[in-house]
Amino acid sequence: MKLFTAGPVACRPEVLEEMSRQMLSHRSKEYKEVHLETVERLQRFLETENAVFLLPSTGSGVMEATVRNCVRRKMLCCVSGAFGRRYVSIGEANGRDVERLEVELGKPITPDLLDEKLSSVPDVEAVTITYNETSIGLTNPLQELARVVKEHGKLLLVDAVSAMGGIELKVDEWGIDVCFASSQKCFGIPPGLAMTSVSEEALRLSEGAQNKGWYFDFKLFEKYLKEGSTHMTPPIPQVYALRKQLELIEKEGGKQKYFELYLKRSQMINKGIEKLGLSLFPQKGYESPTISCVNAPEGMSGVEVYEEMRKRGFELAKGYRDLKERTFRIGNMGYILPEDIEEMLEALGEVLGW
């Protein structure tokens, strides 16, 4: 199967080879060097002086960690799709009072809407934003939204799960307090590792947080980072892989070139989609460069397209939940070559009867 999924994604051979290294103790000086080098490379990539933690988790785990460490009572969740709603569910499951700013599926969260909402609920402590809504292939205007959040003096928590590594992200310049992602998306690494940057203000809040648990305690991560590890066993192969991927990005022209690669692949897919008479689901101008959400063709459901593509050796992604029948998704995260895209589009044309 050639993977064009929402994650996990195909991995570069060099990355997979790196993961085949023999294990070592996560308390050894050798692992400490690997861990700290990986953190330093990721800090450069994210353009941040904030602490960067590597967590044995997926992005959803860090999502919960932000609530338990940084929100005492009330939060505002920006909802433009299923993963914005997940943040709401996690906030409520942890006993927080959750306000919503929710837009119609396919529409972005805009600065004006966020400003108006924050003006009406001045007592919220933190704002959550899904940078790239994987469920509908939509990118929210994070830089502009972050400016609004900071004008209102609120903590900013950013789900960058399908954005980090594929879309511009300037943590310090944009004033992001917690920014997290997962290994199995744009960085093209097997699942099991999450990464997050955490500001001094977020760490201060964590220090005074009640009932935040042990596993995702940001202050414990901070303590053990100084020792070059984590307070539990880290997924060492994935850490090796992330170090290698960041090294390759630096050697092959830097992160801007990596972002351009994603944009070129996205443009190639979207132009092919248009030639086949199909259209994208999100509002024009806010399409994700890492995953395309495509309206199903007339006479076929999104699930039928997905199943027919599997018969031809291509694993796409089904439409997510409410959009399962109406859409299908084509991810371009991970290790995908131009010829893979050409073959996938050719197979899609066969499915559509072109």
Can you tell me how much longer the chain between M268 and E14 gets when fully stretched, taken as 0.36 nm per residue apart minus their C-alpha distance, in nm with one decimal?
88.9 nm
Could you tell me which of rounded, prolate or oblate describes the range 93-210, using a ≥ b ≥ c as the square roots of the eigenvalues of the alpha-carbon gyration tensor, with rounded for a/c under 1.5 and, failing that, prolate when a/b is larger than b/c and oblate otherwise?
oblate
Net lengthening on full extension, E168/D97 (0.36 nm per residue, minus Cα-Cα)
22.4 nm
Extension reserve of the E260-E49 stretch, reckoned as 0.36 nm per residue once the Cα distance is removed
73.5 nm
Using a 7 Å offset from the Cα along the Cα-to-Cβ direction at both K219 and D112, what is the distance between the two label points in nm, to one decimal?
4.4 nm
I need H26, H152 ordered by Cβ neighbour count within 10 Å, fewest first.
H152, H26
Tell me which of L246, S292, G208 sits at the most positive position along the dipole axis of the chain, charges placed on C-beta atoms (Lys, Arg +1; Asp, Glu -1).
G208
Report the FRET efficiency, 1/(1 + (r/R0)^6), for K311 and L337, where r is their Cβ-Cβ distance and R0 is 22 Å, rounded to 0.05.
0.50
If you count the DSSP beta bridges with both ends in the chain, what percent of them are antiparallel, to the nearest 5?
50 percent
Which whole-number value in Å³ per residue fits the convex hull of the alpha carbons of the range 158-258?
114 Å³
Enumerate by residue number the trypsin sites (Lys or Arg not before Pro) in the range 204-298 meeting two conditions: DSSP loop (anything except H, G, I, E, B), and at most 15 other Cβ atoms within 10 Å of the site's Cβ.
K226, K284
Would you mind working out the magnitude of the charge dipole of the chain relative to its Cα centre, with +1 at each Lys and Arg C-beta and -1 at each Asp and Glu C-beta, to the nearest 20 Debye?
660 debye
Magnitude of the charge dipole, the range 304-354, Cβ model with Lys/Arg +1 and Asp/Glu -1, debye to 20
360 debye
With both partners inside the range 146-206, how many of the DSSP beta bridges are antiparallel, as a percent to the nearest 5?
55 percent
For the charge dipole of the chain, defined by +1 on Lys and Arg C-beta atoms and -1 on Asp and Glu C-beta atoms about the Cα centroid, which residue among Y262, T128, I236 has the Cα displaced farthest towards the positive pole?
I236
Roughly speaking, what is the centre-to-centre gap between the range 1-67 and the range 148-225 when only Cα atoms are used, to the nearest Å?
14 Å
List, largest first, the extents of the alpha carbons of the range 308-354 along their principal axes, each in whole Å.
32, 28, 15
Among DSSP beta bridges lying fully in the range 72-149, give the percent that are antiparallel, nearest 5.
20 percent
Lys and Arg at +1, Asp and Glu at -1: add these up for the other residues within a Cβ distance under 10 Å of G137 and post the number.
-1
Would you work out which of W354, N140, A194 lies farthest towards the positive end of the dipole of the chain? Charges go on Cβ: Lys and Arg +1, Asp and Glu -1.
A194
Starting from the 7 Å offset along Cα-to-Cβ, what nm value, one decimal, do you get for the label separation of R321 and E201?
2.9 nm
Which entry in (1) 61, 54, 33; (2) 84, 63, 53; (3) 60, 48, 38 is this structure's computed Cα extents along the principal axes in Å?
(1)
What residue among G137, G331, G299 has the largest mean-square fluctuation in a Gaussian network model of the chain, using Cα springs under 10 Å?
G299
Fewest-first ranking of E308, E92, using other Cβ atoms within 10 Å as the exposure measure:
E92, E308
Which values of log₁₀ I(q)/I(0), to two decimal places, follow from the Debye formula for the range 187-227 at q = 0.17, 0.25, 0.32 Å⁻¹ with a uniform point scatterer at every Cα?
-0.55, -0.94, -1.20
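Bear in mind that the values in this text are calculations on the coordinates, not laboratory data. The shown structure was predicted, so the numbers you read here are calculated from the model rather than taken from an experiment. All Cβ positions, glycine included, derive from the backbone under ideal geometry; neighbour counts span all protein chains shown.
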